Every structure is written in structure tokens, then in C-alpha cells.
1. If we hang a label 7 Å off Cα along the beta carbon direction at C:Leu20, how far is it from the matching labels on the other copies, in nm, shortest first?
2. Please state the shape class of the protein assembly as shown: rounded when a/c is under 1.5, otherwise prolate if a/b exceeds b/c and oblate if not, all from the C-alpha gyration tensor.
3. Pop out the Kirkwood hydrodynamic radius of segment A:153-194 from its pairwise C-alpha distances, inverse of mean 1/r, in Å to one decimal.
4. Quick one: 3J(HN,Hα) in Hz for segment C:103-118, Karplus 6.51/-1.76/1.60 with θ = phi - 60°, rounded, Gly and Pro as x.
5. How far is it, in nm, from the label point at C:Ala178 to the one at C:Asn154 when both lie 7 Å from their Cα along the line to the Cβ?
6. For B:His186, which inter-copy label distances result when the label point lies 7 Å beyond Cα on the Cα-to-Cβ vector, reported in nm to one decimal and in ascending order?
7. Per-residue ellipticity at 222 nm for the protein assembly as shown, helices alone: DSSP H runs ≥ 4 residues times -39500 (n - 2.57), over residue total, nearest 500 deg cm²/dmol?
8. Let me understand segment B:164-221 better: what is its radius of gyration from the alpha carbons, and its Dmax, in angstrom?
Amino acid sequence: MLPSASLLESFQASQISVMLVIYLLAITAEAMSGALAAGRRNMDIFGVTVIAFVTALGGGTIRDMVLGHYPLGWTQHPEYVYLVIAAGLLTTVVARFMIHLKQVFLLLDALGLIAFSLIGCSVALELGYPKVVVVMAGMITGISGGILRDVLCNQVPVVFRRELYASVSLAVCLLFLALRAWEVNHNLNTAVCFVGGLALRLAAIRFRWSLPVFSYQQRWE
Amino acid sequence: MLPSASLLESFQASQISVMLVIYLLAITAEAMSGALAAGRRNMDIFGVTVIAFVTALGGGTIRDMVLGHYPLGWTQHPEYVYLVIAAGLLTTVVARFMIHLKQVFLLLDALGLIAFSLIGCSVALELGYPKVVVVMAGMITGISGGILRDVLCNQVPVVFRRELYASVSLAVCLLFLALRAWEVNHNLNTAVCFVGGLALRLAAIRFRWSLPVFSYQQRWE
Amino acid sequence: MLPSASLLESFQASQISVMLVIYLLAITAEAMSGALAAGRRNMDIFGVTVIAFVTALGGGTIRDMVLGHYPLGWTQHPEYVYLVIAAGLLTTVVARFMIHLKQVFLLLDALGLIAFSLIGCSVALELGYPKVVVVMAGMITGISGGILRDVLCNQVPVVFRRELYASVSLAVCLLFLALRAWEVNHNLNTAVCFVGGLALRLAAIRFRWSLPVFSYQQRWE
């Protein structure tokens, strides 16, 4: 085995670890955001746990159910389930201090959005789905946990009205597929997607970029 | 090959084309109705796109997920995805003029309801499900896109309160199964279902037929 | 065949019958509770039927879709579908008298919660899922019909805010797995779960036990 191959392999292994760490941070952050949403509805700690779970792992669940990708990811990784439940319950204790970590959360949430999107694309690619489905799988993984959270909390999903969020997922998925089509090395591709997606998301927050809103109040009857 | 066989085949082929055209018109009309619902909630154009997609293709998606019918239809037909996204976005531009086309929309919506119901029945029949599941598959295909649209727009689904709509889907599914049991030719069966379903739906709109409402206000605690 | 084996078999057969009777009573009671919820939203009888169906059979449906357990239970048992539809429609007639049966309903609902939980655990066990997924499958079967009912009726699911309900499902699932790990006979295990779960649930209603509520009103922006 050539040194370079061995180096590449160890780099790839380390990249998988980096991706896993980002993923774990992301589902933790999503679980905590779910718990806060549950707290805004005065739910009991069971409701908090469910909303935390659904927010963190619901996106991947819907993606796998849409793609027919069984068994679902978290059913094979009980440790993810324990992690998001623990994060949800912990949130009820530390909630009052979390506002001071707002910046950290926005960063973790952005990293999570990008990680979820790339993971979703990869799953659909492996299953041989067409490109438009690959992009949708990425976006479903990225945003539908938050949609489920909002439906269960009885509100219109914020992702349908918020500043650039789903668009970041879309941009990341398209960039990933484009670089892949140009045969860019997978690790470089992933790194570029993270840098580009993060820059776009943080700029969107900083400069309050948003999509045009469609407002329609005509009644037909 | 006998002329009659050849004629029949060409009629069947043309009937498939007619069904496909009706289906494409239907998902376009459903996507536009979804976009208008999103506009009533002041969603951004991403929200509009999602609601358009879910309204048009959500019924078939839920049916396939319930029946275990993978891969889902739209994942194999990217052109349907592009069509409903385009229809949703177009709606944001032409919305102000659409009220003048109200009659056209009601007609397309009725055609779509019938087409969706027949397609749903056919899928369940092919998979060998019992009759009651065939009828439910037809109805799920016909109405659950609209249910998802209303849940995501945070309102009680109109199909649970509106004039005869789901009932038309039920009637079409039952008629289709009855004619099939009597060994009526498939094309004739389909044609009769469209004529009968359309007559019922348009009469229901015209004469404001509706189902009895169940109103229950007692509180138990 | 030894007499004792034969006795055991006949006991097991009778236990299956008991479980089936409890299951049928449970889906009937759940369908009726769904119909009442639909009546509170002034739905028409179609809406009542859908909500009754979803409340009674939605939990098992979601469990099977999450576990990839096809075909779904009710698609192979049309009689369950007829039963819950009949129960839903009957409710619109007898609703005014049902408040006098409140105690009976609470009892049937508690029995149903336990039966659903045990059935959910069994399905996941048979499919070889890890323990945490087995517990979640039990809870999903027990409570997600009610969650779907509340989402379709446009309200925050009561199970996220009510007195000990989901917790009873959790306790039953954990007890069932614990007794199973200690190799307790299956019938005895089931019986103990019913007695323990029923006692916990009725005590929770009687003494208004509830989980701590997490209330969080800070706004981040």
C-alpha cells in the first residue's frame, strides 16, 4: 500500500469522524430547539421529549420512509435516541441560560442543516434515485424535523416564512451534486459545501436576507 | 393482427394518454390551489413551493407509503416534480387573475379528484389488497394531498367540513369496483366513472349538497 | 401430548381471544373518542369517520410504517376498518348519552392503551429491533393515534399535556421487557402488565398525577 493511499484513508476516516461529530452536535442542538418550542406550549416533560426526538430525528425518518430506506437510521442507533432524549430533558433545566448561547446555537443549527442535507443526498444517491429526488432527499432531511415540530406545536412551520433557511439546504444540495458531477474529490466537495453553506446561512442571518413573500387574501366564495 | 384488435389497442393507448393528460392537468390545478393556500398564510416562495408539491403529490405519496408501494411514483417521474413546482411559482405571478378562472379550476379539481381516486384504486388492486383497502387507497389518493396542505397551513382540513367532495371520491371508487365486478370493459368503466363522478361533483357544487354535520359541544371534565 | 401442554395451549388460545376482545373494545373506544373530537370541530360525517379511523388505527399504522412492517395490519383485516367506521358513525347518534358512560370509556381507553403498547412491543420484538426501539414501538402504537386525531383537529396533542398517559405506556413497555428478560411466562407477563398498567392509569386519573410541566416564554428575537 502506498503512503499516499494510507494517508488518504486516514484522512477519510478522520473526515467520517468529523462528520459524525457534526451530526451528533446537530441532533443535540435540534433536540434542544425542539424542547424550547415544547416549553413555549407548556408541555409536560413527556411532550418535551417527543418534540425533541421528532425535531432531531424526524427529518431523517421522513426521508427514509419516502425513499423506502428500511430499517430507519435511528432504529439501528439507540445511542442517538438516548442522546436526543437526554438533550431534550437537559434543556428543561438549563433553558434560562440558553439565550446567552444564542450565537452558538445558530452556528450549530447551521452546521446541522448542512450535515443533514449532505447525508440526505448521500442516502438517495446510494439508492440510485434521480437527481431531483436526491436534492429533495437532502432538503427533507434538513428541514422536515422542524416542520414536524411546528405541526405538533400547532403553528405554521417557520421554515415556510423565515429568512433563508431551506434555501441554504437547496444551495448545499445543488453545490454538492455539481461538484460531484465535476468529479471533485468527495472530501473536498464536503468541505466546500460546509464552507459555502455556512457562509450563506450566516450572511442570511446577519443581513436578514429573505425570500419574497407571496401574500394572497382574495376569498373565492 | 385483426383490425378490431388494432383499433382497440389504439383506443386503449389513446385512453392512457387521455388519463395522463387529465392527471397532469389535475396535479397542476392542485399545485395552484396549494400555492393560493400558502399565499393566504403569507408564506415565502419556498413555502409556496412545498405546499404546492404536497397538495399535488402528497395524496399519492401517503397512499404508496400506506400500501408499501416503493419506489414512490414521483421519485420515478422528476417531470411531475418540476411541473408542480413550476405551477406553484407561476401561481404567485398570476394569482390575481385566477379568480376569473374559478369555474375552470372547479372543473379541473373535480377531474383530478376522479383521476386520483381511480389511480389509487388501480394501484391497490394491482398489489392484491382487499376491496375495502382498494376503496380507501382511492380516497387517500384523492383527498389526502388537501389534508396535508391544510395541516401545514394550520387549519382544520376543509375536506372534513365541505360540501360533497370526499363522498364523490367514495362514490367513484365504489362504482369502479362494481363495474369491474360486473366485468365491464376497463375503458368503458373509466369513462362511466368520470361522467358519473363529474355529474355528482358539479351537482353538489351547484345545489350546495352537503353531508350532515356532527356538532358536539359537551365537555367531559 | 401431555395434559399439561394441552391445558397450557388452551389457556394460550383463550389468552389470545382475551387479547383480541380487548383490542376490539379498545379500537371501538378510540374510534368513539375520535368521533367526539370531530364533533367538537363541527365536522361532517365523513370527517367524523376519518378521525375515528385515524384515532383507532393510526397508531398501529405509524408504528408499521416506522418499522417497515408491511402490509399494514388493518389492510389485512377489513373487519377492523368496518368496526371503527361503524363505531364512529354510531357515536354521532348516541353522543348525547355517552357522558353517562364516562367511567366505562376511561376504563376501555386504559385497557386499550395497555393492549396497544404490548402489541407494539411484540411487533418490534418479532422484527428483531433493539430494546429502545421496542419500547418506542409500544408507545407509538399506544399514543400516536391520539396525536394524529389532535393534529387533524388543529390542536396541540393532549397527550403532551395531560395527566400520566404516555407514561403509563412507557411503564407497561418497560415492565413487559423486564419480565421478559427475567424469563417470566408470556401469559403471566401480559397479565401483570395489564394489572400494573391499569392500576397506574386509574390512580393517575383518581389522584390527578401529572408530569412536571416545562414552561418557557423567553423570546430569542
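Every number here is computed from the coordinates shown, using simple stated rules; none is lab data. Worth saying up front: this structure is predicted, and the values here are computed from it rather than measured. Note: ideal-geometry Cβ built from the backbone for every residue, glycine included; neighbour counts use all protein chains shown.
1. Values, ascending and in nm: 4.8, 4.8.
2. On the way: a/c = 1.39, a/b = 1.00, b/c = 1.39.
Cα axes put the protein assembly as shown in the rounded bin.
3. Values: mean 1/r = 0.0849 Å⁻¹.
With all distinct Cα pairs of segment A:153-194 included, I get 11.8 Å.
4. Coupling constants for segment C:103-118: 4, 4, 5, 4, 5, 4, 4, 5, 4, x, 4, 5, 4, 4, 4, 5 Hz.
5. Rounded to a tenth, the inter-label distance reads 4.4 nm.
6. So the distances to the same position in the other copies read 4.3, 4.3 nm.
7. Only helices count here, giving -26500 deg cm²/dmol.
8. 16.3, 57
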